[in-house]
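The values are calculated or read from the model by the stated rules, or taken from the named source; none is laboratory data. Everything numeric in this text was worked out from a predicted model, so none of it was measured. Because the Cβ atoms are built from the backbone with ideal geometry, glycine has one as well, and the counts that use them run over all protein chains shown. Remember, those area values only see protein heavy atoms, side chains included, never the ligands or the DNA or RNA. Shrake-Rupley method; radii C 1.70, N 1.55, O 1.52, S 1.80 Å.
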Amino acid sequence: PVLFNLLYTMVAGEKQSFPLRISILYCLQCYLYKNDLGKSLIVQTLLPQTENVANQYTLGHLLIIGYLSKDNVASWCSGIALAHLIADNQQFKEAILKVVLAVDQAQAGAKTLMEISTDLLANSSSSFHTRVAVLIFLCTWLSNCSLAVQTFLSIQNSISYLISQICGQLVADDREILIQSLCSFALGLCLVFNNNQTPSYTTESLERLINKRIGIDLFQEKLETLSKSEYYSKTLQKPQLKLSKTNDMILDYEFARLYKALEGSITRMLTSRQMNSTENSLIGPLSTNLYEQQTSTMMTHYHDLIRKQDQQINTYKQQEKQFIDESQIYKKKMLDLEQKLQEVKDQYSLLKISTKQGPDTHNELATICEQQRRELEYLRSFVTQHQQHYNSTQPIENGIEHLNFNNTENHNMQNDRKLQASERAALTARITELQEKVNAFEDRYATQNDEIARLQLENGVLQEKITNEKRKVSILEGVESQMHGLIDDKARCDSEYQKLNSVYQQNLNEQNDLLVLCSSYEDQLTTCRNIIQSAGLTVPKFLLDLDNN
């Protein structure tokens, strides 16, 4: 409903402002852009409907009403909108071929949309803007749609009108010149997308018609006029509609893109066919064996030279690919070696730290063990001295006991014996205590000896690891030197590649020069054939074979 109200304002709003109506057209273009679903819904409203539906106004009805309107703005905007409706979609272009419009109340007066479009072109009362819009719509319809071209060619006087416009008298009016260029483009589309289903207007017959009625050079000149116009250059700059007045309603951005894409195809088709026909017409009788031998020898030499250069170029391409692959392999190896080298350096740093801590702990434990060993030796000597003193006092005690037994009356000697007995008991307790300390120190000494042995073993293992890591570091340093060698090799390979590439470019330029020389040689052959033909001589068979090749 929103689109319907907007289109109604664009088509029937003659009293509305011009910028508003152009803005509505641009809004519709944005809606249709890459929107196949929206396009199909509008196309369906154009196709024949039932009577109840046909009596209702739809978007398609509004576009047709504007297309046939006498109002220049409505006519031009509706024609551009119809072109956007079918742009880049062959299915929609074939579908609207079925659109039939009643010209009068009688059913016999019904015409297709394409027939009405040709009538609008031929109608002298149609304004310039209306004819431009119709031609843009028709060119969009004919492009890349053979069925639309077949239908257009079957309409009476359609081709005659285009040719009459192209061959019209030279005019100074830029608008009429633009109409002639648009007609040339439409005729060129009929030539390119012709499916040859219309017997009177096949591709060959259209070419002969253009050549006979217009002339190839004049036709190309008229066709290229559009690309040189100021309207075309301005329109192609941006897709937005920047129109300030009705006189600016000329071309459309999508149509300018279409012309830019297909104008070259039309020119190439006409030029190539003209060259082929010219060469065929120049085939005639030839002369001398000497000239034939020189020609054959020269062509063989050129073919061999080109073949050798192709082989050399292929060899250079293979070498280039090999150099690139080797360069990638070297880069990967360099990254792996750098990673391994970094890991080994980290491990070596950790071992250095652990090695610095090991000897200090070992020296400390050795000092403690030495002090305890000296203390143990001192205790052992002390115990030995007391043991000797005890052994020396034992016979004296036995003698005293014997004397006391024989002389019980000596009271003083008995007191001395008791005193010595108490001293002996104290000494025995002291010896026992010292012996226990000696045993404890011996156990501790044995434990510390085991710890010292263990630390010495660990120190030996660490020293061996350090030796191994140093060996790894030396190996990695050797690998690093190899890596630098690989980098130098890569630089050398890159230098060789640059030299080979320069040689390749030089050979390619030489090959292009040879191709140009061959082309000029062919032109000389053509000139010779013309001279021989004008002399009434017979053309040798090898030249006929050369043309076929």
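Observations, loosely collected:
- From Tyr31, Tyr8, residue being within 38 Å of the chain's Cα centre (by Cα) and open to solvent by 60 Å² or more (accessible area, probe 1.4 Å): Tyr31
- Flag for Lys234 being of a type in the set (Lys, Arg) and not in a helix (DSSP H, G or I): no
- Test: residue in the range 38-46 that is hydroxyl-bearing (Ser, Thr, Tyr) and more than 30 Å from Ser125 (Cβ to Cβ): yes
- Tyr57 falls short of the stated requirement of being out of contact with any helix residue (DSSP H, G or I) (no Cβ under 7 Å at 6 or more places or on another chain) and at pLDDT 95 or above.
A quick yes/no check of all residues on (1) over 30 Å from Leu305 (Cβ atoms); (2) modelled with pLDDT of 80 or more:
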| position | (1), (2) |
| --- | --- |
| Asn468 | yes, yes |
| Gly485 | yes, yes |
| Asn501 | no, yes |
| Asn509 | no, yes |
| Asp513 | no, yes |
| Val516 | no, yes |
| Ser519 | no, no |
| Gln533 | yes, no |
| Leu544 | no, no |
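- Residue check, Thr278 in a helix (DSSP H, G or I), in contact with a helix residue (DSSP H, G or I) (Cβ under 9 Å, 6 or more places away or on another chain), open to solvent by less than 70 Å² (accessible area, probe 1.4 Å) and modelled with pLDDT under 90: yes
- Residue list for the range 11-28, filter: open to solvent by 70 Å² or more (accessible area, probe 1.4 Å) and of a type in the set (D, E, K, R): Glu14, Lys15
- Restricting the range 200-252 to residues that are more than 17 Å from Ala186 (Cα to Cα) and hydroxyl-bearing (Ser, Thr, Tyr), the residue that is farthest from the chain's Cα centre (by Cα): Ser200
Yes/no per residue for (1) open to solvent by less than 40 Å² (accessible area, probe 1.4 Å); (2) out of contact with any strand residue (DSSP E or B) (no Cβ under 8 Å at 6 or more places or on another chain); (3) free of Cβ contacts under 8 Å to residues at least 24 places away in the same chain; (4) not in a helix (DSSP H, G or I):
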residue	(1), (2), (3), (4)
Gly188	yes, yes, no, no
Glu207	yes, yes, no, no
Arg213	no, yes, no, no
Gln220	yes, yes, no, no
Lys238	no, yes, yes, yes
Leu241	yes, yes, no, yes
Ile250	yes, yes, no, yes
Ile266	yes, yes, no, no
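- Hey, Lys499 exposed (fewer than 11 other Cβ atoms within 10 Å of the Cβ) and under 30 Å from Lys321 (Cβ atoms) or not: yes
- Being on the phi > 0 side of the Ramachandran plot, free of Cβ contacts under 8 Å to residues at least 60 places away in the same chain and not acidic (Asp, Glu) is a condition met by no residue of the range 44-58.
- Considered as a group, the residues in the range 79-121 that are among the aliphatic types (A, V, I, L, M), out of contact with any Leu (no Cβ under 9 Å at 6 or more places or on another chain) and surrounded by fewer than 19 Cβ atoms within 10 Å (Cβ to Cβ) include one that is modelled with the highest pLDDT, and that residue is Ala102.
- Yes/no for Leu41 being over 17 Å from Ala12 (Cβ atoms), surrounded by 18 or more Cβ atoms within 10 Å (Cβ to Cβ) and modelled with pLDDT under 95: no
- Hits in the range 222-236 - residues which are open to solvent by 30 Å² or more (accessible area, probe 1.4 Å) and hydroxyl-bearing (Ser, Thr, Tyr): Thr225, Ser227, Tyr231, Ser233
- Qualifying residue in the range 527-535 (condition: open to solvent by 40 Å² or more (accessible area, probe 1.4 Å), β-branched (Val, Ile, Thr) and without any contact (Cβ under 8 Å) to a residue 12 or more places away in the chain): yes
- Selection within the range 122-139 - out of contact with any Ser or Thr (no Cβ under 8 Å at 6 or more places or on another chain) and open to solvent by 10 Å² or more (accessible area, probe 1.4 Å): Ala122, Asn123, Ser124, Ser125, Ser126, Phe128, Arg131
- Out of Gln165, Gln156, sole residue that is closer than 27 Å to Met249 by Cβ and without any contact (Cβ under 8 Å) to a residue 40 or more places away in the chain: Gln165
- Helices (runs of 4 or more DSSP H) (entirely within the range 118-166) containing at least 2 residues that are in contact with a helix residue (DSSP H, G or I) (Cβ under 8 Å, 6 or more places away or on another chain) and not hydrophobic (A, V, I, L, M, F, W, C): 128-142, 158-166
- A Cβ distance below 7 Å, combined with a sequence gap of six or more or placement on separate chains, defines the contacts here; from the range 325-343, residues that are of a type in the set (Asp, Glu) reach residues that are surrounded by 14 or more Cβ atoms within 10 Å (Cβ to Cβ) and part of a helix (DSSP H, G or I) in the pairs Glu326/Cys493.
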